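Undergrad: Just passing along the structure, written as structure tokens.
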Amino acid sequence: MQLPIYLDHAATTPVLPEIAEAMMPFLIQAYANPSAAHALGLEARHAVEEARRVVAEALHADPDEIVFTSGGTESDNAAIYGVAYALAEHGRHILSTPIEHHAVLEPLHDLARRGWEVEMLPVSPEGLIAPEEVARRIRKDTVLVSVMHANNEIGTVQPIEAIGAICREKGVLFHTDAVQSFGYLPIDVRKMKIDLLSLTAHKFYGPKGIGVLYVRSGIPFEPYQKGGGQENGRRGGTLNVPGIVGLGKAVSLVMEQREGESQRLQRLRDHFIAEVEQAIPEATLTGHRQYRLPNNVHFCFKGIEGESLLLSLDAEGICASAGAACSAGSHEPSHVLQAIGVPADSIRGALRLSLGRATTEEALDYCLQVLKQAVGHLRSKQPVTL
């Protein structure tokens, strides 16, 4: 076993060698702007369109419905602003959830300040959204429902197909943030009745700085980023050709290996969860046990500080996180854990371990021993209350 042991794949994943190799020619040789009409430009354009075809096939979409972006945050922002502004005269009511990523919540908060009515759906203690609540709360002036496919902190997977069917029946556009789920769960935008979908390459072993927004053909959409009219006028800006090539290669590998790898990770996940619950008192699993990302383990350990636990693990060569990587360093408690009703003294002891390709049973056995010792040591240092 080699240290460090990386258990933070929900934050980002390493770029696989074969993906980096596929990108290199477009950094060094075929470096032209894909909008150029000369031979080098056409070579770059061909590579872009091949990646677009691969992504579309993986999502069961059409190639002209795929928009390349700079990543998940831009895709989420573009989906929300794009629909809100396009349909502002039709209605200004938007439904979402309090456990969304900040890339969804912040534009929603911004729209609320500008006159839109943003309503948050209730969430269960396991982090689930009930489809019947979506149906009950859709109004005549509702223009968008945005519910993430799988939560980035606690790993709960939502009933997206049921929610999508309700939205389509009621004529309301439906967006889902699939940033965490695409690498592990099958997605069919037609079957799931998804109108807009966000994903980013660095969550499934591709490069950072490149993402996708799926926009169903024919829906109202106002471009969030304007410029030279690239991406059929839906996203201005020179295309990141090496990133797009890397994303396309990463998607191809996902489609080849996702089912087997997800099953392997789920077995490791379930075994590790059971071991932690047996070995460590007052270890509370957060998120849904059944409807859960195959690689997600999230516990709250009562009576300790999560930052101290992370430092203890890091000192023994284990890379983990307390929750969302984008919130690292924030002194605010997790909005996800607050929304599902986790007590404040348990929120402070949150730990997320997210497994990946290099994760082995041996590595998790080592992690369990280090975790058990670290939690015991930190609890022993807490002041006794009389």
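Undergrad: Could you look through region 330-366, keep only residues that are among the hydroxyl-bearing types (Ser, Thr, Tyr) and assigned to a helix (DSSP H, G or I), and pick out the one that is nearest to residue 292 (Cα to Cα)? Walk me through how you get there before you give the answer.
TA: Step one: filter region 330-366 for residues among the hydroxyl-bearing types (Ser, Thr, Tyr), giving 330, 334, 346, 354, 359-360, 366.
Of the ones still in play, those that are also assigned to a helix (DSSP H, G or I) are 346, 366.
On the way: 346: 21, 366: 24 Å.
Step by step, filter region 330-366, then rank; the result is 346.
Undergrad: Now for a separate question. Just give me the residues in region 308-325 being closer than 25 Å to residue 105 by Cα and either at pLDDT 95 or above or buried (at least 19 other Cβ atoms within 10 Å of the Cβ) (or both), in sequence order.
TA: Narrowing region 308-325 to residues closer than 25 Å to residue 105 by Cα: 320-325.
Result: 320, 321, 322, 323, 324.
Undergrad: Determine whether residue 127 is out of contact with any Cys (no Cβ under 7 Å at 6 or more places or on another chain), assigned to a loop (DSSP other than H, G, I, E, B) and surrounded by fewer than 20 Cβ atoms within 10 Å (Cβ to Cβ). Outline the logic, then answer.
TA: Numbers: out of contact with any Cys (no Cβ under 7 Å at 6 or more places or on another chain): yes; assigned to a loop (DSSP other than H, G, I, E, B): yes; surrounded by fewer than 20 Cβ atoms within 10 Å (Cβ to Cβ): no.
Against the criterion (out of contact with any Cys (no Cβ under 7 Å at 6 or more places or on another chain), assigned to a loop (DSSP other than H, G, I, E, B) and surrounded by fewer than 20 Cβ atoms within 10 Å (Cβ to Cβ)), residue 127 does not qualify.
Undergrad: Inside region 372-383, can you point out the residues that are part of a helix (DSSP H, G or I) and of a type outside the set (A, V, I, L, M)? Steps first, please.
TA: Step one: list which residues in region 372-383 are part of a helix (DSSP H, G or I), which gives 372-380.
372, 373, 376, 377, 379, 380 - these are the residues of region 372-383 that are part of a helix (DSSP H, G or I) and of a type outside the set (A, V, I, L, M).
Undergrad: Tally time: how many residues in region 3-46 are free of Cβ contacts under 8 Å to residues at least 60 places away in the same chain and among the acidic types (Asp, Glu)?
TA: Going through region 3-46 one residue at a time, the tally reaches 2.
Undergrad: Related question: Does region 341-354 include one or more residues that are over 22 Å from the mean Cα position of the chain (by Cα), within 23 Å of residue 1 (Cα to Cα) and at pLDDT 95 or above?
TA: The answer is no, given that none of the residues of region 341-354 is over 22 Å from the mean Cα position of the chain (by Cα), within 23 Å of residue 1 (Cα to Cα) and at pLDDT 95 or above.
Undergrad: Given the criterion buried (at least 18 other Cβ atoms within 10 Å of the Cβ) and over 25 Å from residue 264 (Cα atoms), identify the matching residue among 211, 229, 183. First the steps, then the outcome.
TA: Working: 229 fails: buried (at least 18 other Cβ atoms within 10 Å of the Cβ); 183 fails: over 25 Å from residue 264 (Cα atoms).
Result: 211 is the single residue among 211, 229, 183 that is buried (at least 18 other Cβ atoms within 10 Å of the Cβ) and over 25 Å from residue 264 (Cα atoms).
Undergrad: Considering every residue within region 75-92, establish whether at least one is surrounded by 19 or more Cβ atoms within 10 Å (Cβ to Cβ), touching a helix residue (DSSP H, G or I) at 6+ places or on another chain (Cβ under 6 Å), within 28 Å of residue 273 (Cβ to Cβ) and of a type in the set (A, V, I, L, M, F, W, C).
TA: no
Undergrad: Could you check residue 200 against (1) in the same structural domain as residue 47 (by TED's automatic domain parsing); (2) surrounded by fewer than 24 Cβ atoms within 10 Å (Cβ to Cβ) and say which number it fails?
TA: If we test residue 200 against (1) in the same structural domain as residue 47 (by TED's automatic domain parsing); (2) surrounded by fewer than 24 Cβ atoms within 10 Å (Cβ to Cβ), just (2) comes out false.
Undergrad: Find all pairs meeting these conditions: Cβ atoms under 6 angstrom apart; at least six residues apart or on different chains; first residue within region 47-76 and farther than 21 Å from residue 27 by Cα; second residue surrounded by 22 or more Cβ atoms within 10 Å (Cβ to Cβ) and polar (S, T, N, Q).
TA: Here the result reads 72/198; 72/200; 75/69; 75/198; 76/198, each pair linking region 47-76 to a residue that is surrounded by 22 or more Cβ atoms within 10 Å (Cβ to Cβ) and polar (S, T, N, Q).
Undergrad: Against the conditions (1) in contact with a Pro (Cβ under 8 Å, 6 or more places away or on another chain); (2) crowded, with 22+ Cβ neighbours inside 10 Å; (3) free of Cβ contacts under 8 Å to residues at least 60 places away in the same chain; (4) among the β-branched types (Val, Ile, Thr), where does residue 166 fall short? Just the number, please.
TA: (2)
Undergrad: Sticking with this structure for a sec: Take the conditions over 17 Å from residue 273 (Cβ atoms), assigned to a helix (DSSP H, G or I) and of a type in the set (S, T, N, Q) and apply them to residue 369. Does it pass? Spell out the reasoning first.
TA: Working: over 17 Å from residue 273 (Cβ atoms): no; assigned to a helix (DSSP H, G or I): yes; of a type in the set (S, T, N, Q): yes.
The answer is no for residue 369.
Undergrad: Moving to a separate point now. Could you tell me how many of the residues in region 81-112 are closer than 20 Å to residue 170 by Cβ and of a type in the set (D, E, K, R)?
TA: Matching residues across region 81-112 total 2.
Undergrad: State yes or no: is residue 292 in contact with an Asp or Glu (Cβ under 8 Å, 6 or more places away or on another chain), closer than 20 Å to residue 155 by Cα and of a type in the set (Lys, Arg)? Working first, answer last.
TA: Details: in contact with an Asp or Glu (Cβ under 8 Å, 6 or more places away or on another chain): no; closer than 20 Å to residue 155 by Cα: yes; of a type in the set (Lys, Arg): yes.
No.
Undergrad: Now, a different point. Hey, can you tell me all the residues within region 45-69 that are surrounded by fewer than 18 Cβ atoms within 10 Å (Cβ to Cβ) and farther than 13 Å from residue 248 by Cα?
TA: 60, 62, 64
Undergrad: Looking for something modelled with pLDDT of 95 or more, among the charged types (D, E, K, R) and part of a strand (DSSP E or B) - is there at least one such residue anywhere in region 142-162?
TA: As a first pass, look at region 142-162 and keep what is modelled with pLDDT of 95 or more: 142-162.
After this cut, where a residue has to be among the charged types (D, E, K, R) as well, the list is 153, 161.
Checking which are part of a strand (DSSP E or B) leaves us with none.
Looking through region 142-162, none of the residues is modelled with pLDDT of 95 or more, among the charged types (D, E, K, R) and part of a strand (DSSP E or B).
Undergrad: Let me ask another. Limited to region 230-258, what total is found for residues that are in a helix (DSSP H, G or I) and without any contact (Cβ under 8 Å) to a residue 60 or more places away in the chain? So that I can check it myself, show each step before the final result.
TA: Filtering region 230-258 down to residues in a helix (DSSP H, G or I) leaves 231-233, 241-258.
Going one step further and asking which of them are without any contact (Cβ under 8 Å) to a residue 60 or more places away in the chain, we end up with 233, 256-257.
Qualifying residue count, region 230-258: 3.
Undergrad: Right, next: Restricting to region 292-307, and then to whatever is under 21 Å from residue 346 (Cα atoms) and not in a strand (DSSP E or B), can you tell me which residue is modelled with the lowest pLDDT? First the steps, then the outcome.
TA: Quick first cut of region 292-307, residues under 21 Å from residue 346 (Cα atoms) only: 292, 296-307.
Those still in the list that are not in a strand (DSSP E or B) too: 302-307.
Working: 302: 92, 303: 89, 304: 93, 305: 92, 306: 92, 307: 94.
If we take residues in region 292-307 being under 21 Å from residue 346 (Cα atoms) and not in a strand (DSSP E or B), then 303 is modelled with the lowest pLDDT.
The values are calculated or read from the model by the stated rules, or taken from the named source; none is laboratory data. Predicted model, so just to flag it, every value in this text is computed and none were measured. Positions of Cβ are backbone-derived with ideal geometry, glycine not excepted, and every protein chain shown enters the neighbour counts.
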